[in-house]
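The block underneath contains the structure these notes are about, expressed in structure tokens.
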Amino acid sequence: MTMKVLGYAAQSAEAPLAPFEFTRRAPRPDDVVLEILYCGVCHSDLHQARNDWGFSQYPIVPGHEIIGRVTAVGSDVKKFKPGDLAGIGCMVDSCRTCHPCRDGLEQYCLEGCIQTYNGIDRHDGEFTFGGYSQIILASQDFVLRLPEGLDLKGAAPLLCAGITTWSPLRHWNVDKGSRVAVVGLGGLGHMAIKLAHALGADVTLFTRSPGKEEDARRLGAHHVVLSEEQSQMQQVAGHFDLIIDTVPYAHDINPYLSTLKIDGTLVFVGLLGEVQPAVNTVPMIMGRRSVAGSCIGGIAETQEMLDFCAKHHISADVEVINIQEINEAWERMLKSDVKYRFVIDMASLQQGARLAPVTAA
């Protein structure tokens, strides 16, 4: 049976988020149903709601950093049981048969992975709705187990900000002694620092703001380089194995390329769009340096990251808000006025006078 659920949605690119009642599909035999406890607020939620990327379908219920408690499971489910704590990240399905999917890289599914919201369900053709809501359901193969010891509020952003930075660290084989730099200290950047530090890397933050040094060191950075100070940039020439660039808007990456070692890589995880100004290929050619991109991680890799975070007591630095504060939070996020991730306490949805209990339809 389908379920009527309350959430918060954008009805158009110009509309603020507001309460919205909608219908969740009937659970399938392999589905896990979660009561949502916490949902992280990602910059991409705002981009999608405001159609910044040009493919939004309305209404949109955002949210893809979801922590919840299992309330029901389908007849074929073996991995979860009611009462378990679990999570859902940026995707809820993929074709499962292409080469990337078979290799555990569902995020690169050749048919396109199914986004947790603003996606189209492969089975019924309906649009997906995200975690700014009471409940969500997905196949057990796209639900993550929450290991003991993780702070639930701080775990929510791990399902996007965490895995987005963990995946390149693992792909480029960062371990003890690696020299890693992070560009930008926001939701992604602060997780990149924490994770690289825990892997044993020597970690540097590139920033334009001297005021960020204290916080960067608290998070695990060993060094801070002011990227607009030429003398400081010269001191780290040819230094880094990997640079993780978390800045979500167009910016000049040319000054960073000469700080890479031979065979070093700068990887974009925040910017979607054209690189401006253009990349000068001279330092790339003369040092066999690479510019690359990386997108979240597969389900197995995400589970690996969660287990690693529990073992090393890592979670995101968060500011918990009520769902009724979401529009103000988005405006603050645009001003970088958060350290470092907003997380919605979904119990606040119960405070709304328009709340409807989850009902079968």
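Things to note:
- Verdict on GLU325 being of a type in the set (Asp, Glu), open to solvent by 70 Å² or more (accessible area, probe 1.4 Å), touching a residue at least 12 places away in the same chain (Cβ under 8 Å) and over 17 Å from ALA161 (Cβ atoms): no
- Number of residues in the stretch 218-257 that are touching a helix residue (DSSP H, G or I) at 6+ places or on another chain (Cβ under 6 Å) and either loosely packed, with under 13 Cβ neighbours inside 10 Å or hydroxyl-bearing (Ser, Thr, Tyr) (or both): the value is 1.
Conditions (1) within 30 Å of ALA72 (Cα to Cα); (2) touching an Asp or Glu at 6+ places or on another chain (Cβ under 8 Å), marked per residue:
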site	(1), (2)
ILE136	yes, no
VAL143	yes, no
PRO147	yes, yes
LEU152	yes, no
LEU159	yes, yes
ASN173	no, no
GLY186	no, no
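- Evaluation of ILE296 against the conditions (1) surrounded by 13 or more Cβ atoms within 10 Å (Cβ to Cβ); (2) at negative phi; (3) in contact (Cβ under 8 Å) with a residue 40 or more places away in the chain shows that the sole unmet condition is (2).
- Of all the residues in the stretch 13-32, those that are in contact with a strand residue (DSSP E or B) (Cβ under 7 Å, 6 or more places away or on another chain), open to solvent by 20 Å² or more (accessible area, probe 1.4 Å) and in contact (Cβ under 8 Å) with a residue 40 or more places away in the chain number 6.
- Residues located in the stretch 108-130, provided they are over 23 Å from PRO19 (Cβ atoms), touching a residue at least 40 places away in the same chain (Cβ under 8 Å), in a loop (DSSP other than H, G, I, E, B) and open to solvent by 40 Å² or more (accessible area, probe 1.4 Å): HIS123, ASP124
- GLU148 meets all of the listed conditions (1) within 29 Å of PRO19 (Cβ to Cβ); (2) open to solvent by 20 Å² or more (accessible area, probe 1.4 Å) but one, namely (1).
- A count restricted to the stretch 256-282 and to residues that are within 25 Å of ARG170 (Cα to Cα) and either of a type in the set (Ser, Thr, Tyr) or modelled with pLDDT of 95 or more (or both) stands at 14.
- Some residue of the stretch 186-208 being open to solvent by less than 70 Å² (accessible area, probe 1.4 Å), at pLDDT below 95 and aliphatic (A, V, I, L, M): no
- Qualifying strands (runs of 3 or more DSSP E) (wholly inside the stretch 33-97; at least 1 residues being open to solvent by 20 Å² or more (accessible area, probe 1.4 Å), out of contact with any helix residue (DSSP H, G or I) (no Cβ under 6 Å at 6 or more places or on another chain) and touching a residue at least 60 places away in the same chain (Cβ under 8 Å)): 66-73, 85-88
- Condition met for GLY154 (touching a Lys or Arg at 6+ places or on another chain (Cβ under 9 Å), surrounded by 20 or more Cβ atoms within 10 Å (Cβ to Cβ) and closer than 30 Å to ARG96 by Cβ): no
- Filter result (open to solvent by less than 20 Å² (accessible area, probe 1.4 Å) and either outside the structural domain of PHE206 (by the TED database) or farther than 19 Å from THR165 by Cα (or both)) within the stretch 258-288: THR259, GLY287
The values are calculated or read from the model by the stated rules, or taken from the named source; none is laboratory data. Values in this document were obtained by computation on a predicted structure and should not be read as measured data. Glycine gets a Cβ as well: all are built from the backbone with ideal geometry, and neighbour counts include every protein chain shown. The accessibility values were calculated without ligands, DNA or RNA, using every heavy atom of the protein model including side chains. Shrake-Rupley method; radii C 1.70, N 1.55, O 1.52, S 1.80 Å.
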